[in-house]
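The values are calculated or read from the model by the stated rules, or taken from the named source; none is laboratory data. What you see is a predicted model; the values in this text were computed from it and never measured. Here the Cβ is made from the backbone with ideal geometry for all residues, glycine too, and neighbour counts use every protein chain on show. SASA here: full protein model, heavy atoms, side chains in, ligands and nucleic acids out. Shrake-Rupley method; radii C 1.70, N 1.55, O 1.52, S 1.80 Å.
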Amino acid sequence: MWIVFFFYLGCLEVISGDMYSSMLTIQQALDTEKILMEHLGTYLEEETFRLNDLRRFYNKVRALHRIDGSPVSDPVFAYTLLKRLQSEWLNVVNSLENTENIRELKDGYEKMEKNLPVVEDVEGAAKALMRLQDVYSLNVKGLAQGVFHSGSTSQLSVLYQPDQVSSMSADDCFHIGKVAYDMEDFYHSIPWLEEAVSKFRDSYGRWFTEDQGSLEAALDYLAFSYYKAGNVSRALYLSRECLLYDPYNMRLAENIAKYEKILEETPDQESEEEPYLLRPNVTHLRTRDQYERLCQNLGSQPYHYEDPKHKCLYETNSSPFLILQPLKTEVVNLEPYVILYHDFVSDYEAEKIKKLAAPWLQRSVVASGVQQAQVEYRISKSAWLKDTVDPILQNLDVRIAAATGLHAKAPYAEYLQVVNYGIGGHYEPHFDHATSRKSPVYSTNTGNRIATFMIYLSSVDVGGSTAFIYANFSTPVVKNAAIFWWNLHKNGEGNEDMLHAGCPVLVGSKWVANKWIHEYGQEFKRPCGLNPGD
């Protein structure tokens, strides 16, 4: 329109050429300017709307950065941050016009692009929120509001409410629902898409530049999720609503005709109760119910403190290293034997170990035959630290040896593994000792892992406890404490009672350091028993 208009003005100027010489033509010029003003006014309105939208996005992000400089701990805040950096900033930057100032902004964005999360990061964060939803029985509506409600829909209780609440937008909920939908996980896609639809309805008519989803898209995905879940009448209702907003969508019209035909052929289905949605089957996790129940205890086992056998004591183990500073020992469980050493490291040592490990952290792996692989049931990053890296690590080996009575230096033990867990970071039930001779554990030719010594390098606000599945207890994360247990019986056989898990971290950043001690070299430290079955 602007090109045609200026072409018309150019022709007028060429044809007249002497506009100044007549008041009539000057009057006509005034009318021309009125038209120009109308176009300019329209442009200013649209530009004002665009700038107001950018200002809104800027203020939204700026408000989040006014929070104090404490470490990121809230999984909702973490998820929305990754999604914002991966897609929302991209949408905002690419929506801007190609002016000189905007070119600078785009150049700055492109320079930072290599440091931004990728699609897989945001999908992983979405899956982590679904994991937290399952393990801690969290309510989706509460999660979307940034508050962690647990329990059944009729009896919700507040598990945790952050001081600074990070709520989710309609587009945030839509993305989580779509991740579940793409996995054909309708158990999770339906509640998240329901929440997205509800939020999109509340803001319908207002378009946010950073959004990728819309009410129409959310209704479309939700309708098909219900259809796949067996609720055809609900799918039909939502599809009809979606068609009101998107009347030319032929695929949607075909779906409606399909649903109507199904209901005509099976009229009883329309009045049936909503089908019960089953959670996706997890074939590798046969102990899921027990595992989740222990995680929901958050490491709280009050009956332990009523048992006089589960005692606390100062212990020296007849070691000269512990005479002046005995171990603060808590017997957590007798059979299997699990003990907790309180204040095993200092705040300084914990921070130093984390600082040494931070540059080397890589995605944690598990043994898969003779190879190692990244898996969904272990979400964390880890680094291996040799004892020669820093004197603190050498002193730590001496202290572990004094506490356990075992050789704790290589080659009798592995180097220290430092682990940091991410959003919903966890390690589902597993054994630390190898259950197959093909395991990489045997690559050092020092036998199986006889014992585990794990140090908690940080506190965790909620979640992250260590659950012992068959032994039926869990221990919370206690900053600077260390937990110790035997993986093998004295006869060298694996102890089945030591199936354990790292529960998902709900709020906080969990750091641990693992020292795995091997069989060889310990023959006189932990000799075989008189009974071959010991």
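Would you please classify the overall shape of the range 290-406 from the alpha carbon gyration tensor, given that a ≥ b ≥ c denote the square roots of the eigenvalues, rounded means a/c under 1.5, and beyond that prolate means a/b larger than b/c while oblate covers the rest? Cα axes put the range 290-406 in the oblate bin.
Think of the chain as having a plus end and a minus end, set by charges on the Cβ of Lys, Arg, Asp and Glu; of LEU129, PRO267, LEU219, LEU129 sits farthest toward the positive end of this dipole. Remark: for residue pairs LYS114/LYS141; LYS111/LYS352; LYS114/LYS178; LYS127/LYS261; LYS60/LYS354; LYS355/LYS479, the C-alpha separation exceeds 27 Å in LYS114/LYS141; LYS111/LYS352; LYS127/LYS261; LYS60/LYS354.
When only DSSP loop residues count, what GluC sites (Glu not before Pro) in the range 442-534 have their Cβ near at most 15 other Cβ atoms within 10 Å? Display every interim value, and only then the final one.
On the way: sites: GLU493, GLU496, GLU519, GLU523; in loops: GLU493, GLU519, GLU523.
Passing sites in the range 442-534 are GLU493, GLU523.
Within the accessible area of the chain, the carbon and sulfur atoms contribute 54%, probe 1.4 Å, all protein chains present. Exactly which GluC sites (Glu not before Pro) in the range 178-266 are in a DSSP loop and have at most 14 other Cβ atoms within 10 Å? Hits after loop and neighbour filter: GLU184. For the range 420-534, the Cα gyration tensor yields ellipsoid semi-axes of 28, 14, 13 Å (square root of five times each eigenvalue, largest first, whole Å).
Each Lys and Arg contributes +1 and each Asp and Glu -1, all at the Cβ; summed about the Cα centre of the chain, the dipole is approximately 2280 debye. Amide H to amide H, with H built 1.01 Å from N, SER166 comes under 5 Å of no residue 5 or more places away or on another chain.
Backbone geometry of the range 508-525 corresponds, through the Karplus equation with coefficients 6.51, -1.76 and 1.60 at θ = phi - 60°, to 3J(HN,Hα) couplings of x, 10, 9, 10, 9, 10, 9, 10, 9, 9, 9, 5, 5, x, 9, 4, 9, 7 Hz, x marking Gly and Pro. With all protein chains in place and ligands, DNA and RNA left out, the 1.4 Å accessible area ranks GLU335, GLU351 as GLU335, GLU351, largest first. Here the contact order of the chain, divided by its residue count and restricted to Cα pairs under 8 Å and six or more residues apart, works out to 12 percent.
Hey, with R₀ at 51 Å, roughly what FRET efficiency would ASP202 and THR287 work out to, going by the Cβ-Cβ distance, to 0.05?
Numbers: r = 41 Å, r/R0 = 0.81.
It comes to 0.80.
The candidate values were (1) 231; (2) 265; (3) 302; the one computed from these coordinates for volume of the Cα convex hull per residue in Å³ carries the label (1).
Kindly express, to the nearest 10 degrees and within the range 0 to 90, the angle between helix 215-229's C-alpha long axis and the longest C-alpha principal axis of the chain. Tilt of helix 215-229: around 50 degrees.
Give a quick list of chymotrypsin sites (Phe, Trp or Tyr not before Pro) in the range 230-262 that DSSP marks as loop, anything other than H, G, I, E or B, with at most 10 other Cβ atoms within 10 Å.
Details: sites: TYR237, TYR245, TYR248, TYR259; in loops: TYR248.
Hits after loop and neighbour filter: TYR248.
Taking trypsin sites (Lys or Arg not before Pro) as candidate sites, keep only those in a DSSP loop with at most 11 other Cβ atoms within 10 Å, then name the longest stretch of the chain containing none of them.
Details: sites that count: ARG66, ARG206, ARG286, LYS309, LYS311, LYS386, ARG437.
Looking at the chain, 67-205 is the longest stretch - no exposed trypsin sites (Lys or Arg not before Pro) with at most 11 other Cβ atoms within 10 Å.
Computed from Cα positions, the angle between helix 170-182 and the longest principal axis of the chain comes to roughly 60 degrees. Evaluating 6.51 cos²θ - 1.76 cosθ + 1.60 at θ = phi - 60° for every residue in the range 119-135, the Karplus couplings come out as 4, 4, 5, 5, 5, x, 5, 5, 5, 5, 5, 5, 5, 4, 4, 6, 5 Hz, glycine and proline recorded as x. Once you have a ≥ b ≥ c as the square roots of the Cα gyration tensor eigenvalues for the range 155-297, tell me rounded if a/c is under 1.5, and otherwise prolate or oblate according to whether a/b is larger than b/c. In terms of gyration-tensor shape, oblate.
Ranking VAL398, SER167, HIS342 by Cα position along the charge dipole of the chain, where only Lys, Arg, Asp and Glu carry charges on their C-beta atoms, puts VAL398 farthest toward the positive end. Calculated mean residue ellipticity, 222 nm, the chain: -13000 deg cm²/dmol, from DSSP H runs (n ≥ 4) at -39500 (n - 2.57) each, averaged per residue and rounded to 500. Against the chain, whose longest principal axis comes from its Cα atoms, helix 100-112 is set at around 20 degrees. Near LEU488, the amide H atoms lying under 5 Å from its own belong to ASN495; only residues 5 or more places off or on other chains count, and H is placed 1.01 Å from N.
3J(HN,Hα) along the range 338-348: 9, 10, 10, 9, 6, 6, 6, 10, 8, 4, 4 Hz, from the Karplus curve 6.51 cos²θ - 1.76 cosθ + 1.60 with θ = phi - 60°, whole Hz, x for Gly and Pro.
Partners of LYS490 within straight-line reach, counting lysines whose Cα lies under 30 Å from its Cα and excluding those fewer than 8 residues away in the same chain: LYS309, LYS311, LYS328, LYS386, LYS409, LYS438, LYS515, LYS525.
Amide hydrogen proximity for ARG449: with H placed 1.01 Å from N in the peptide plane, the residues at 5 or more positions away or on another chain lying under 5 Å are ALA434.
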